[in-house]
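One structure is given here, and the rest of the page talks about it.
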Amino acid sequence: MNTVELKNTSRHYQSGSLVVKAVDQVDLHLKKGDFAVLAGPSGSGKSTLLNLIGGLDRPTDGEVYIDNELLNDKSDEQLSRERLEKIGFIFQAYNLIPVLTAYENVQFIMQIRGIPEKEHREKIMPLLKELGLEGLEDRKPPELSGGQQQRVAVARAIVLEPAIILADEPTANLDSETAVNLLQIMKQLNEEKNVTFLFSSHDPMVIEIAERVISMRDGKITRDERK
Amino acid sequence: MILFKLAWRNIWRNVTRTMIQIMVIAGSLFFVIWMQNISCGSYEKMIADSVRSGSGHLAFQHSDYLSERRPELVIPADKALKLAQNHDEIKHILPRLQIPGLIRSSRENCSAMILGVDFNREKEVNVILADKRKVEGRLPTELETTKAYVGEKLALRLQVKLGQKIVFMFQNLEGVITSKLYRIAGIFRSGVGKIDSGMVFVDRRSLGKAFGDPDAVHEVALILKDRTTLESIKKTLEMESDKSMPESSKLLAWETTMKQLADAIKIDQANLQFMIFLLYVLVTIGTINLLLMSVLERTREFGLLRAIGFEKSRIRNLIGFEAILVGTIGSFFGLLVGTLASAYSWHYGLDFSAMFGAQEVAGMLFEPTIKSIWNWKWMFGLTTSMIFMVYLASIYPAGKAMRVNPSEAMRSYQ
């Protein structure tokens, strides 16, 4: 069963008289447990494709399915609900709500999902420990390093066990050591918990660790290879 | 609960900005609450002072007297007195005979209004007859039927002193010109030019005798213990007066007999309400501006919230909560300071003598020391309206936040 399915999906922008084909007639299938990267130079359409899959943007043509549910026809509020229930997001930086502590940032997603308060601690604390954030749960984002912030973002993304985690250049603002460490954590989660990851990156480290590399150029998929 | 926690922490992200917003709200609310309480106190004071020297809270008059002011439009005093004496809610009953005419001294003459009053009743109530307004001499007693109490400017014009004679010439009930001699017992200064230069107080019955009917009066002014009972007393008296009073007599409320004052109060109230409205609009505009700044600074964060599944409606509620929190804190302090300031002016009063000078409002004598009153209904109304206005101010910034496109926000606002 496909977790993500894109059928002939396009996203074109009008810039004056010019039509920019950010994503052009893309077909893509991601299976449960995939650990894939969208690779390509800047402007190749990686982030746009990630946004289409995440329901942050709407295709001008084609169809996007998450867990066999078509996203195209859904309202803004329905898309929010889909993101909350099925998708975890990790962005390049500024991933966290600055006024909440590390623990509260993870808890926040459980609260808006309506999960009973008593379940929060027993789910969050082991996860933070697993991600090496034990003892840091009461710190607010400005008191955490970039790598620690990204790990909190990972914890928030996986705490509700979504169908897929979309990570838009998650290592771009990290030094190599922190980036490797973060990638290893995500790889471990993929192997142990069978969490599906889709990255967009042009970082060779990410491309190296990924099991599937989907190369993009000018809005099209030019190569899709499994290692 | 999560929205409340997030909103609470968000408002303290920029302490200076939030404090400015709270101070603007608190300052505005303090000002309007205090102004409202002082204004209401001043209205009560104006009414209380004016009904004493004017026509009372209620007055029996001939139905045409108010509009025509002809001396022959009289009513029987005894019947009105008997009727009013049966009601405990009425504190003072003041029968008055008011006759325009000419006053002559040995040197000068001039027109004036001679007021026949029951000195024993009137001195307890009428602010013009208060001791502090006496320039010299004394107030005549009930038995001194040929003594007059004269305004200072009138005495100067007539060039008369205490004990000297004046002759009052007027038309009696039959239309015949008649005259009556008085000696000056005392001179007063009310501070109102028209009163000081044209008013004389004398005994009512002796004046009535010369007028042609010792029982005739132009009005019987009634001062109530509590002004709020006016409508019920008026209704009762009207029913009773149908049987005992002549058909030509009418019971009038102070708003009718002192229309100028009632209108002045209405205009002042309207001005105050307009000022409150303007102030609230200014606070709303200021709040929109500050909330908008706060929202625009957090564009990326709203993008993040939307990306992780926060619905638009929750974004709207979050901004609304932030506005309500700031509005409630500001309003609480505004109400607190407004209450303290009102307590001061309620207890000690504020002396406006420098501002009012002549102590005259709408032709009525007015004591310039004003004590505010507690208008709780208005105070809480103004407070809740302020919170509501601040909440309304959040609608536009919340709309902006709701329209944030998450993908653009995450890409563009670093």
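Miscellaneous remarks
- Separation of the B:Leu292 and B:Asp351 label points, Cα + 7 Å toward Cβ, nm: 4.8
- For a straight C-alpha distance cut-off of 20 angstrom, the aspartates and glutamates reachable from B:Lys165 (same-chain residues fewer than eight places away being disregarded) are B:Glu108, B:Glu136, B:Glu142, B:Glu144, B:Glu152, B:Asp196, B:Asp203.
- A convex hull fitted around the alpha carbon atoms of region B:57-254 yields 113 Å³ per residue.
- Counting Cα-Cα pairs of chain A in 10 Å increments starting at 0 gives whole-percent bin shares of 8, 33, 36, 19, 4, 0.
- Net charge dipole, region A:2-226: roughly 160 debye, given to the nearest 20, about the Cα centre with Cβ charges of +1 for Lys and Arg and -1 for Asp and Glu.
- Packing-based ranking, highest mean first, of A:219-226, B:208-215 given that Cβ atoms within 10 Å are counted: B:208-215, A:219-226
- Relative contact order (%) - region B:188-331, alpha-carbon pairs under 8 angstrom, separation at least six: 7
- Inter-label distance, A:Asp76 to B:Leu282: 3.5 nm, where each label sits 7 Å from its Cα along the C-beta direction.
- Proximal charge balance of B:Gly163 [Cβ under 14 Å; K/R count +1, D/E count -1]: +3
- Relative contact order, whole percent, for chain B stands at 27, derived from Cα pairs under 8 Å and 6 or more residues apart.
- Degrees, to the nearest 10: B:15-53 long Cα axis against longest axis of chain B: 10
- Spread of Cα-to-Cα distances over 10 Å intervals beginning at zero, given as percent, for chain B: 5, 18, 21, 16, 11, 10, 8, 6, 4, 1, 0
- Test item: B:7-15 mean partner chain Cβ contacts at 10 Å: 2
- Peptide packing for A:171-181, A:82-92 was compared via the average number of neighbouring C-beta atoms within 10 Å per residue; ordered from the highest value, the list is A:82-92, A:171-181.
- Protection-proxy order for peptides B:279-285, A:182-188, each taking the mean of Cβ atoms within 10 Å per residue, highest first: A:182-188, B:279-285
- Links that overshoot a 30 Å alpha carbon limit, given the list B:Lys225/B:Lys371; B:Lys79/B:Lys134; B:Lys194/B:Lys235; B:Lys91/B:Lys132; B:Lys123/B:Lys371: B:Lys79/B:Lys134; B:Lys194/B:Lys235
- Electrostatic tally near A:His12: other residues with Cβ closer than 15 Å to its Cβ, Lys and Arg +1, Asp and Glu -1, net 0.
- Over 49 Å [Cα-Cα, the protein assembly as shown], rounded percent: 46
- Cross-link partners of B:Lys266 among aspartates and glutamates (Cα-Cα below 13 Å; sequence separation of 8 or more within a chain): B:Glu44, B:Glu255
- Averaging the sequence gap over all C-alpha pairs within less than 8 Å and six or more residues apart, then dividing by the number of residues, gives chain A a relative contact order of 30 percent.
- Sum of side-chain charges, B:Tyr182 neighbourhood, beta-carbon under 12 Å (Lys, Arg +1; Asp, Glu -1): +3
- The amide H of B:Gln164, built 1.01 Å from its N in the peptide plane, has B:Ile184 as neighbours under 5 Å, considering only residues 5 or more places off or on other chains.
- When both region A:103-154 and region B:222-273 are represented by their alpha-carbon centers, they are found 71 Å apart.
- Residue by residue, region B:167-183 carries 3J(HN,Hα) couplings of 10, 9, 10, 7, 8, 7, 4, 8, x, 9, 6, 9, 9, 9, 9, 10, 10 Hz when phi is fed to the Karplus relation 6.51 cos²θ - 1.76 cosθ + 1.60 (θ = phi - 60°); x denotes Gly or Pro.
- For chain B, the longest principal axis of the C-alpha atoms and the axis of helix B:312-347 are separated by about 30°.
- With a simple spin-label model that places each label point 7 Å from the Cα along the Cα-to-Cβ direction, the separation between A:Ser176 and B:Phe274 comes to 7.6 nm.
- Assigned charges on the beta-carbon of Lys, Arg, Asp, Glu; region B:57-254 dipole about Cα centre (debye): 940
- Counting, for every residue in B:295-307, the Cβ atoms of other protein chains within 10 Å of its Cβ and taking the mean gives 3.
- Cβ-based charge dipole, the protein assembly as shown, positive-most Cα from B:Gly116, B:Val283, A:Gly43: B:Gly116
- Relative to the current alpha-carbon distance between B:Thr178 and B:Asp242, full extension at 0.36 nm per residue lengthens the span by 19.6 nm.
- Neighbouring Cβ atoms from other chains, within 10 Å of the Cβ of residues in A:85-96, number 3 on average.
- Nearby lysines by direct alpha-carbon distance to A:Lys123 (threshold 30 angstrom, same-chain neighbours under 8 apart not counted): A:Lys31, A:Lys32, A:Lys86, A:Lys140, A:Lys187, A:Lys193, B:Lys5, B:Lys312
Since every read-out is calculated from the coordinates, none of them should be taken as a lab result. Every value quoted in this text rests on a predicted model; they were computed, and no experiment measured them. Backbone-built Cβ (ideal geometry, glycine too); neighbour counts: all protein chains shown.
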